[in-house]
Structure formats: C-alpha cells, structure tokens
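Below: the structure, in structure tokens.
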Amino acid sequence: MLNPLKVVIAGCSGRMGHALLECVFADAELVLHGALDRADNPQLGRDAGEHLGEVSGVTVTDNVDEALKNADVLIDFTRPEASMVYLAACQKHHVKMIIGTTGFSAEQKLVIEAASKNIATVFAPNMSVGVTLLINLVQSAAKVLNEGYDIEIIEAHHRHKIDAPSGTALRLGEAAASALGRDLQDCAVYGREGITGERDPSTIGFATVRGGDVVGDHTVLFAGIGERVELTHKASSRATFALGALRASKFLIGKNAGLFDMQDVLSLR
Ligand code: NAD
C-alpha cells in the first residue's frame with residue numbers, strides 16, 4: 001500500500017474544516033498532518049479531532065511554516081485574505097494546494113494562476129461532483145437554447161455566508177456565457193430594483209437568497225416563450241464538498257504544477 005497522503009487543513013475549526021476533518025479521519029489513504037486556523041481562534045492549542053471525540057495527535061496552530069513542513073497538500077476553506085497567505089507559504093514549502101475558498105477578487109485570481117506555475121493547484125468554488133456535472137449540463141443547454149431564452153441564475157445559502165452571488169453561481173454564469181461566446185463581466189446583472197426597463201436578452205441575471213441553514217441550492221433557468229428549462233442542484237450536507245476536496249487532493253498526486261478545477265479532477269473535459 002502507498003504511504004497515506006499528508007494533508008493539512010486550513011480553517012480547520014470552520015464549518016467546512018469540521019466536515020473535512022471527519023472525511024480525512026475516515027479515509028485510509030489520507031493522514032492529517034497539520035491543522036491551521038487564525039491566531040485568535042479558541043481551538044488553537046487543542047487536538048484537531050477534539051470536537052469529534054477523536055485524538056488525532058495534531059494540534060490546531062496558526063504556525064503555517066510548522067504545519068506545512070513535509071506536508072503533501074494543503075486544503076483551504078477560509079477567507080481570501082487567509083488563502084493568499086497560505087498560497088505564498090505553499091509555494092515556499094512546495095506543498096500542493098486545494099482552494100475551496102470563494103470571494104476572490106480578479107487580482108487575487110491572477111495571483112493564484114501565477115502561483116500554480118510553481119505548485120499543483122485545484123481551485124474550484126464548488127467541489128461537489130453534482131455541481132461539476134451541472135456546469136457541463138449548463139454549457140450543453142446554453143448551446144442548444146442559444147436564442148430566445150433568457151438565462152437567470154438563482155442561488156440560496158445559509159445566513160452566515162458573507163459573499164454574494166456565490167462563487168458557484170458565478171461559475172455557472174461563466175459556463176453559460178462562454179458557451180454563448182459572451183463575457184460574463186459584460187453581461188451579468190446582479191439583482192434588480194425600481195424601474196429597470198425591459199430585460200436585455202443578452203444579459204445573464206443573478207438572484208441571491210440568504211437564510212437559515214441552507215447548505216447550497218443553485219438553479220440555472222432558461223426562460224423562453226412557452227417553456228422554461230430549469231437545471232437545479234441542491235446540496236444537503238457539507239460532506240459533498242469535503243469529499244470532492246479529498247478527491248481533488250488525490251488527483252494532484254504526481255503533479256508538480258498547473259491550475260486545475262473539478263472538471264479536470266472528474267475528467268469531464
Ligand atoms: P467558516 O466561517 O465556518 O470557516 C472559516 C474558517 O476560516 C474558520 O475556521 C476561520 O477561523 C478561518 N479563518 C477566517 N479568516 C482567517 C484568517 N484570516 N486566517 C486564518 N484562518 C481564517 O466558513 P465555511 O462555511 O467553512 O466556508 C469557508 C469558505 O469556503 C468560504 O469562502 C465558503 O464560501 C467556501 N466554501 C466553498 C465550498 C466549495 O465547494 N468550494 C463549499 C463550501 C464553502
């Protein structure tokens with residue numbers, strides 16, 4: 001049997017961090033090597049498995065250099081400013097990176113792209129297998145429904161989510177736009193209010209719902225005359241994202257550099 005992949009989890013005390021820890025502990029091909037969180041997190045100094053009643057032998061730390069020493073891959077579900085710090089550290093230690101964090105600026109995305117020339121990186125705003133398939137379905141649908149259909153993207157998430165529209169909604173928008181030869185930056189409409197005038201057929205509209213504990217719902221609506229096509233994905237547990245991130249980690253074995261997404265991980269290109 002191969003040596004288990006040595007995984008570091010950043011944001012280990014967060015909602016995704018907890019889901020990731022549970023999945024790593026359950027996977028014999030992986031071993032928890034490090035657990036990172038911010039300096040003011042109350043979990044610092046405690047065992048990373050404490051909340052699950054597990055003794056992992058890994059202490060939650062904010063010392064990035066220590067956590068990354070001899071690691072294989074860092075899985076990051078934190079905030080963009082933290083991801084940027086972890087990205088620089090991964091380059092320094094030549095550790096591969098899985099970036100699940102959302103809400104990056106265009107400049108930050110360029111930094112990720114540049115860094116991937118030195119370290120193998122999977123960067124995806126949604127790591128679920130179902131959403132990855134949905135992106136492909138949206139591209140196929142957009143190619144067929146390329147005239148006379150208005151495209152609207154509706155997403156719902158829990159009340160704690162801090163960015164909108166979701167990274168997944170934007171990715172779905174990009175998928176539809178690129179299939180139609182449009183640039184999402186030019187055609188996106190983020191919400192409507194007041195006297196908006198008639199809908200411009202070249203636009204792609206976004207609507208955001210926030211509330212309760214919704215893990216993540218996304219619908220891409222193609223509204224034509226006399227019919228509507230709706231492609232919907234609903235996540236019911238964060239395990240779907242965590243399992244996707246672990247699959248992405250294994251996909252990077254043997255790769256030294258390059259920027260990949262879940263389409264690559266699932267061989268959907
Ligand atoms: P959360 O708030 O529950 O957890 C965030 C974690 O990051 C916490 O442990 C927090 O202490 C840590 N953190 C925040 N700022 C930090 C900093 N400056 N330095 C170090 N650590 C810091 O959030 P969550 O629901 O777990 O989501 C985290 C991110 O993952 C969000 O961007 C979310 O949109 C994204 N997400 C992506 C996917 C996907 O499939 N790609 C799925 C779910 C969530």
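Among the criteria (1) more than 8 Å from the ligand (Cβ to nearest atom); (2) touching a residue at least 40 places away in the same chain (Cβ under 8 Å); (3) not charged (D, E, K, R), the one THR59 does not fulfil is (2).
Exactly one residue out of VAL122, VAL138, VAL129, VAL144 is modelled with pLDDT of 95 or more, of a type in the set (Val, Ile, Thr) and within 16 Å of the ligand (Cβ to nearest atom), and it is VAL122.
Residue by residue through region 46-69, note down the ones that are in a helix (DSSP H, G or I) and closer than 15 Å to LEU32 by Cβ. Steps first, please.
Let us first name the residues in region 46-69 that are in a helix (DSSP H, G or I), namely 50-52, 64-68.
GLU50, HIS51, LEU52, GLU66, ALA67, LEU68, listed by residue number.
Condition check ((1) outside the structural domain of HIS160 (by TED's automatic domain parsing); (2) crowded, with 17+ Cβ neighbours inside 10 Å; (3) touching a strand residue (DSSP E or B) at 6+ places or on another chain (Cβ under 8 Å); (4) under 19 Å from VAL131 (Cα atoms)) across all residues:
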{"position": "SER178", "(1), (2), (3), (4)": "no, no, no, yes"}
{"position": "ARG182", "(1), (2), (3), (4)": "no, yes, yes, no"}
{"position": "ASP186", "(1), (2), (3), (4)": "no, no, no, no"}
{"position": "PHE206", "(1), (2), (3), (4)": "no, yes, yes, yes"}
{"position": "VAL214", "(1), (2), (3), (4)": "no, yes, yes, yes"}
{"position": "GLY226", "(1), (2), (3), (4)": "no, no, no, no"}
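Against the conditions (1) more than 19 Å from ILE9 (Cα to Cα); (2) hydroxyl-bearing (Ser, Thr, Tyr); (3) in contact (Cβ under 8 Å) with a residue 12 or more places away in the chain, SER267 satisfies every one except (3).
Collect the residues in region 220-240 that are among the polar types (S, T, N, Q) and either over 17 Å from the mean Cα position of the chain (by Cα) or part of a loop (DSSP other than H, G, I, E, B) (or both), keeping them in residue-number order. Full working, then the answer.
From region 220-240, those among the polar types (S, T, N, Q) are 232, 236-237, 240; that's our starting set.
Answer for region 220-240, where residues must be among the polar types (S, T, N, Q) and either over 17 Å from the mean Cα position of the chain (by Cα) or part of a loop (DSSP other than H, G, I, E, B) (or both): THR232, SER236, SER237.
If only one of ARG238, ARG247, ARG228 is without any contact (Cβ under 8 Å) to a residue 12 or more places away in the chain and among the charged types (D, E, K, R), which one is it? Please lay out each step first, then the result.
On the way: ARG238 fails: without any contact (Cβ under 8 Å) to a residue 12 or more places away in the chain; ARG247 fails: without any contact (Cβ under 8 Å) to a residue 12 or more places away in the chain.
Only one candidate qualifies: ARG228.
Name the residue that is farthest from the chain's Cα centre (by Cα), counting only residues in region 62-84 that are within 13 Å of the ligand (Cβ to nearest atom) and among the polar types (S, T, N, Q). Even if it seems obvious, please write down each step before you answer.
Going through region 62-84, the residues within 13 Å of the ligand (Cβ to nearest atom) turn out to be 62-64, 67, 74-84.
Okay, now just the ones that are also among the polar types (S, T, N, Q), so 63, 78, 83.
Details: ASN63: 24, THR78: 10, SER83: 12 Å.
The residue in question is ASN63.
If the condition is being in contact with a strand residue (DSSP E or B) (Cβ under 9 Å, 6 or more places away or on another chain), within 16 Å of THR59 (Cβ to Cβ) and more than 8 Å from the ligand (Cβ to nearest atom), then region 8-42 contributes VAL8, ILE9, LEU21, VAL24, PHE25, VAL31, LEU32, HIS33, GLY34, ALA35.
Here ALA28 clears all of (1) over 28 Å from ASP213 (Cα atoms); (2) crowded, with 18+ Cβ neighbours inside 10 Å except the condition numbered (2).
The values are calculated or read from the model by the stated rules, or taken from the named source; none is laboratory data. This one's a predicted model, so the numbers in the text were calculated from it and none came from an experiment. Quick reminder, even Gly has a Cβ in these numbers, built from the backbone with ideal geometry, and neighbours come from all protein chains shown.
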